Amino acid sequence: MDVLHRAPAFTFDAFGNGSSSDQPPRSLSLAWPLLMAVLLATMFFGLTDNGFAQAAVAPKRTIIEVLWRWAPLLLWGFCFNLVISAGAMAVGTGVGLFLGLAQMSRTRPVRVMANVITEIFRNSPWLVLLFACVLLLPFQIRIFGLVIPFPDWAKAIVGFSLPIMANVGEVVRGAVLSIPTGQWESAESLGYTRTQAYLHVILPQCIKRMLPPWMNLYSLVTMSTVNASVVGVSEMITLTAQANAAEGSRPELLAPFYAFDLVCFFLYCYPIGKWTEYLERKYQVKI
């Protein structure tokens with residue numbers, strides 16, 4: 001008496017219909033359609049080579065885990081925003097100081113030209129100026145055979161410095177005009193030239209008057225650097241969009257990602273705003 005029983009073989013007919021039989025398959029060629037279908041499905045779903053490991057459904061990371069994973073990259077992008085804002089403020093302040101003084105020049109052509117430049121860049125949209133600098137400025141500069149690269153972030157600094165220049169020029173002009181005329185008369189009585197009067201008498205008194213609006217402008221520029229993402233600069237907003245795409249563009253991650261960006265800018269700009277209010281109260285001009 002047999003104690004072992006042979007399992008029935010499972011064969012396929014020409015139409016792919018399976019049937020059990022106690023006899024082995026008459027031809028292995030009938031299994032080729034099924035084998036080809038399995039291979040095609042495997043290739044389609046990326047299950048070849050290491051595809052099986054990739055196809056394993058891994059649990060989605062929570063929002064906290066995702067933010068913790070991408071926070072270093074986003075903070076690096078935020079530091080890049082700060083670099084752009086600091087560079088733009090440095091360039092814009094340096095040029096704007098001379099532009100503001102030029103608006104009060106005794107030479108009419110210089111005064112008219114300074115006023116025209118100020119009005120143009122002060123009343124132009126910042127994003128338009130940013131696009132113009134990024135698209136019109138060259139990618140590299142050649143000086144005596146030396147090739148100096150001019151990346152997009154440097155163009156962004158130039159683009160933001162143009163409206164800063166115009167606004168700083170107005171701040172300087174307003175501060176100088178707020179100085180009582182008696183200070184000018186005192187400088188003239190001491191034999192100072194106009195340049196010496198600016199350097200030793202007028203501008204030192206203008207610093208405390210210019211500092212609060214200058215800090216307010218810096219805070220505004222810092223928040224406006226997110227516009228650089230439109231022209232492809234890898235700042236915080238650009239990296240946020242890339243991080244969200246790397247996580248599969250999950251809709252539930254949009255609000256946490258951009259809320260994280262908002263908190264970073266708020267924590268940086270809010271103390272500047274409060275310090276500006278303090279300086280305004282401290283250096284308030286009493287008439």
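Computed from the coordinates by the stated procedures, all read-outs in this text should not be read as laboratory data. From a predicted model like this one, the values you see are computed outputs, not experimental measurements. All Cβ positions, even for glycine, are placed from backbone atoms using ideal geometry, and neighbour counts span all protein chains on display.
Of note:
- Extension gain for F150 to Q242 (0.36 nm times residue separation, less C-alpha to C-alpha distance): 30.7 nm.
- Normalised Debye scattering of the stretch 126-172 at q = 0.32 Å⁻¹ gives log10 I(q)/I(0) of -1.06, counting only Cα atoms as equal scatterers and leaving out solvent.
- Taking the stretch 63-282 and dividing mean pair separation by its residue count, relative contact order in percent (alpha carbons under 8 Å, at least six apart): 28
- Taking the number of Cβ atoms within 10 Å of each Cβ as an exposure proxy, the fewest-first ranking of S229, S124 is S124, S229.
- Ordering of 152-164, 72-84 by burial proxy (mean other Cβ atoms within 10 Å per residue, highest first): 152-164, 72-84
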